[in-house]
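Comments concern the structure below.
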Amino acid sequence: MKRHVLSALIASVFTLSACDQKAVEKPADTATPAPASVEQKADTQAPQGELPVIDAVMTHAPEVPPPVNRDYPAKVIVKMEVIEKVMKMADGVDYKYWTFGGQVPGQFIRVREGDQVEVQFSNHPSSTVPHNVDFHAVTGPGGGAEATFTAPGHTSTFSFKALQPGLYIYHCATAPVGMHIANGMYGLILVEPKEGLPKVDKEFYVVQGDFYTKGKYGERGLQPFDMEKAIKEQPDYVVFNGHVGSIAGDNALKAKVGESVRIFVGNGGPNLVSSFHVIGEIFDKVYVEGGKLINENIQTTLVPAGGAAIVDFKLDVPGSFTLVDHSIFRAFNKGALGQLVVEGDANKEIYSGRLGDAIYQPEGGAIQTVPLTASEAEQAAAGPTKASSKEEQIKLGETVYKSNCLACHQANGQGVEGAFPPLAKSDYLMKDPKRGIHAILRGVNGKITVNGKEYNSVMPAMALNDEDAANVLTYILNSFDNGGGQITAADVAKERAAK
């Protein structure tokens, strides 16, 4: 009896399924008009052939495709190719990236709410492992990961309907998922709302990612992926758009005073949350986590791993504005630093620049002392430890460097591309080592060219005595593959006395 009941139930399920299929295949012109609340569902069931077919316009970072500018849905063809390739991580450092489209991040995809998106996913024959793609914009198992699991030399195809507007991450989800993402397999897809986004003058595409290498930050050569560091969430590099300096120096984002700017910000992770900030700007609007909620007048916005945000702001004054992850050691010591260079007329009312520089002594500051023992007083009177040889200068200078110079110029002397010039193999210093004395005593302001690259940042004068200044410069001249040399305290004193 039970078997008969079970058989009847199964038969009824297949019958209902067949009825549903017939309902889908029924021609649209014979269907009864649907009430407003069911229009989206009816649209979902419409045959794809009725939609115009469009090839997606896709761009590499930091470029963004133009706005959709359509008032109707379309079938959008998205072609993706996985390529595994060695590329530059930083000066002298290479890494074996796994990429969507040959760059990190993958190409920016822009569609409209209601579009039917067909993804043609190819894995290059030279790839060493299978790959797939998980779109956070997809409603369906694995975000498309199951449908696109693709062996090297094969192409998989699936489609989805862009149901909900927003800015979404896509990433590889092949096991081990973390390793695929950590090798650079992520990008952004924007599903524009039907009414579109408010117009702006410039749009940019920036994605943060954390990378884990066998060698330390700046260690030269081809660096393999380090799973142990990744599991411990201890990245050697935290960068924008896959590489140190990818949007700095010659590659800086560019705009003009008076323009409105929109940055589509993603965070591929795989581990770290980004505290995205543009130094010297305030975000007029933030589309929180890439969705509909808008926050206004924001200094720093959180972008979760596997998430995104949209930031809009207007440019009121010229200058170089630095993009950072405000978990700030990531910016100045691991690479999460970029530049937005703005040209145009100054507005002294909004920003005056430096108006003066005077000595400051707090009340009573000149007479406040701490009692010393006789031996301590004698030691203090003798002044700083004096090196008796060049070797001692180098040793003492290393301590001074680590305390005063390392944050900007890095442990390996490579600096930060586009922001802080390198001290390693520095043609600028080796041509005239006394430039270093001038930089320490009086600072540097304006354009200089180091190793063929132009830098235009500010280095303030440093409060070092003659001995410390001589020691740190001697250390630099004899480190970082520089050609050697020596600066004495007398050299520094002579420069200090010069007018």
Which of the trypsin sites (Lys or Arg not before Pro) found in region 379-460 are loop residues per DSSP with 15 or fewer other Cβ atoms within 10 Å of their Cβ?
Lys386
Accessible area expressed per residue, the chain, with surrounding protein chains retained (probe 1.4 Å, Å²)
52 Å²
Normalising by the residue count of the chain, find the relative contact order in percent from Cα pairs under 8 Å and 6+ residues apart.
10 percent
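Going from most exposed to least, what order do Tyr205, Tyr168 have by accessible area with a 1.4 Å probe? Present the calculation step by step, with values, prior to reporting the outcome.
Details: Tyr205 0, Tyr168 50 Å².
So the residues, ranked largest to smallest area, are Tyr168, Tyr205.
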Place a point 7 Å from the Cα of Leu51 in the direction of its beta carbon; the residues of region 76-110 whose amide N falls under 18 Å from it are 76-80, 109-110
Potential extension, His124-Thr300 segment - 0.36 nm per residue separation minus Cα distance:
59.4 nm
Antiparallel content of DSSP bridges confined to the chain, in %, to 5:
70 percent
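Per the Kirkwood formula on distinct C-alpha pairs, the Rh of region 235-304 is how many angstrom?
On the way: mean 1/r = 0.0724 Å⁻¹.
In region 235-304 this quantity evaluates to 13.8 Å.
Can you pull the Kirkwood radius for region 406-499, inverse mean 1/r over Cα pairs, to one decimal in Å? Please report the intermediate quantities before stating the final value.
Numbers: mean 1/r = 0.0748 Å⁻¹.
Evaluated over region 406-499, this radius sits at 13.4 Å.
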Distance between the C-alpha centers of region 222-289 and region 460-494? Whole Å please.
35 Å
Positive dipole terminus of the chain, leading residue within Gly142, Ile294, Gly436 (C-beta point charges):
Gly142
Asp345 and Ser260 label points (each 7 Å along its Cα→Cβ direction) are spaced in nm at 2.2 nm
For region 96-141, what is the largest minus smallest coordinate of the Cα atoms on each principal axis, given in angstrom and ordered from greatest to least?
36, 21, 16
Charge dipole of region 58-207 built from unit charges on the beta carbon (Lys, Arg +1; Asp, Glu -1), centred at mean Cα; most positive-end Cα among Phe158, Gly92, Tyr186 is Phe158
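Given region 45-126, what percent of its DSSP beta bridges are antiparallel, to the nearest 5?
Details: 11 of 22 bridges.
Bridges in region 45-126 are about 50 percent antiparallel.
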Exposure rank, largest accessible area first [Ser246, Ser426; 1.4 Å]
Ser246, Ser426
List the aspartates and glutamates whose Cα lies under 19 Å from the Cα of Lys494, skipping any in the same chain that are fewer than 8 positions away.
Asp432, Asp466, Glu467, Asp468
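Could you compute the FRET efficiency for Met430 and Lys96, with r as their C-beta to C-beta distance and R0 at 30 Å, rounded to 0.05? Mind showing how you got there, number by number?
Working: r = 34 Å, r/R0 = 1.13.
So, using R0 = 30 Å, E works out to roughly 0.35.
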As an exercise, use a Förster radius of 35 Å and the Cβ-Cβ distance of Asp250 and Ser375 to find the FRET efficiency, rounded to the nearest 0.05.
0.05
Descending Cα extents along the principal axes, region 178-290, whole Å
45, 32, 20
Ignoring ligands, DNA and RNA, what percent of the accessible area of the chain is carbon or sulfur (1.4 Å)?
54 percent
Correct choice for P(r) over Cα pairs in 20 Å bins from 0, in percent that was computed from the model, options (i) 20, 52, 26, 2; (ii) 26, 61, 13, 0; (iii) 19, 43, 26, 9, 3, 0
(iii)
Between the Cα axis of helix 466-477 and the main Cα principal axis of the chain, the angle (0 to 90°, nearest 10) is 50 degrees
Say the dipole of region 385-499 comes from +1 at the beta carbon of Lys and Arg and -1 at that of Asp and Glu; which of His409, Tyr475, Ala419 then lies farthest toward its positive end?
Ala419
For Glu146 and Lys75, extending 7 Å from Cα along the Cα-Cβ vector and measuring point to point gives, in nm, a value of 2.3 nm
Would you work out the charge dipole size for the chain about its Cα centre, treating the Cβ of every Lys and Arg as +1 and the Cβ of every Asp and Glu as -1, and quote it to the nearest 20 debye?
540 debye
Expected vector for region 436-442, Karplus 3J(HN,Hα) from phi with 6.51, -1.76, 1.60 and θ = phi - 60°, integer Hz, x for Gly and Pro, equals x, 4, 4, 5, 5, 7, 10
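Over region 147-241, what number does the Rg to Rh ratio reach, with both radii from the alpha-carbon atoms and Rh per Kirkwood? Each step should come with its number before you reach the end.
Details: Rg = 17.4 Å, Rh = 16.4 Å.
Taking Rh as the inverse mean 1/r over Cα pairs, Rg/Rh reads 1.06.
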For Lys431, give me every one of the aspartates and glutamates with a C-alpha distance below 18 angstrom, ignoring sequence neighbours fewer than eight places off in its own chain.
Glu454, Asp481, Asp491, Glu495
Nearest-0.05 FRET efficiency for Lys199 and Ser403 at R0 = 41 Å, using Cβ-Cβ distance, is 0.25
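The values are calculated or read from the model by the stated rules, or taken from the named source; none is laboratory data. Predicted model only: the values in this text are computed from it and were never measured. A quick note on method: Cβ atoms are made from the backbone with ideal geometry, for glycine too, and the neighbour counts reach across all protein chains shown. Please note that ligands, DNA and RNA were not included when accessible areas were found on the heavy atoms of the full protein model with its side chains. Shrake-Rupley method; radii C 1.70, N 1.55, O 1.52, S 1.80 Å.
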